[in-house]
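Step one of this worksheet: look at the structure below.
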Amino acid sequence: MKKAYRLRKGRVSLTNHYYIVTMVSHNRNKLFTKLNMNRCLIKHMRELEREQRIKSIAFVIMPDHLHWQFQILSNNTLSNIVRLFKGRTAASFYQFEVYRLWQKGYYDHLIRNEEDLIASARYIIANPLRAKLIANVADYPYWDCVYV
């Protein structure tokens, strides 16, 4: 618990800035392996974009976690975006009889410049390669990136 507190203490949320957020499934259960469940996650990401809260740049849904890069728009905060996303997806996953979807907290990284933005997006979408889930990024179905 002490470590989680230290992460929150220094967290900043800046409108119009880019962030990478990593959210982990409860107990690292491999919940995100089925098309219908992953479509549900993507639907809620797109919903936040339609509401003009964020602009999604890149994401990859791994079997037990999610990496998501986005820009915070208007008067939203990082914690509010994550809270909305986790709450909406958790409620939606009840239909799949999943009653504890997310681990508490999340990891975030503020993107400092355009080079970091592009390099981070590439790093995110290459995650399944590093995890040896696939041999080619094009073979993995649960990712998207505005640069590709």
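The values are calculated or read from the model by the stated rules, or taken from the named source; none is laboratory data. Everything quoted here is computed from the prediction, not taken from an experiment. In this analysis, Cβ positions are derived from the backbone assuming ideal geometry, glycine residues included, and neighbour counts consider all displayed protein chains.
Here are the numbers:
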{"quantity": "Selection count, region 122-143, where residues are under 12 Å from I61 (Cα atoms) and under 14 Å from the mean Cα position of the chain (by Cα)", "calculated": "5"}
{"quantity": "Unmet criterion (only one of (1) in contact with a Ser or Thr (Cβ under 7 Å, 6 or more places away or on another chain); (2) among the acidic types (D, E); (3) under 28 Å from N113 (Cα atoms)) for E47", "calculated": "(1)"}
{"quantity": "Residues (modelled with pLDDT under 95 and more than 21 Å from V146 (Cβ to Cβ)) located in region 35-76", "calculated": "N75"}
{"quantity": "Residue list for region 24-67, filter: among the charged types (D, E, K, R) and assigned to a helix (DSSP H, G or I)", "calculated": "R28, R39, K43, R46, E47, E49, R50"}
{"quantity": "Helices (runs of 4 or more DSSP H) completely within region 71-137 that count 3 or more residues being crowded, with 16+ Cβ neighbours inside 10 Å", "calculated": "78-92, 114-125"}
{"quantity": "Failed condition for I54, given (1) under 23 Å from V137 (Cα atoms); (2) in contact with a strand residue (DSSP E or B) (Cβ under 9 Å, 6 or more places away or on another chain)", "calculated": "(1)"}
{"quantity": "Selection status of K30, loosely packed, with under 14 Cβ neighbours inside 10 Å, of a type outside the set (S, T, N, Q), at pLDDT 95 or above and under 14 Å from the mean Cα position of the chain (by Cα)", "calculated": "no"}
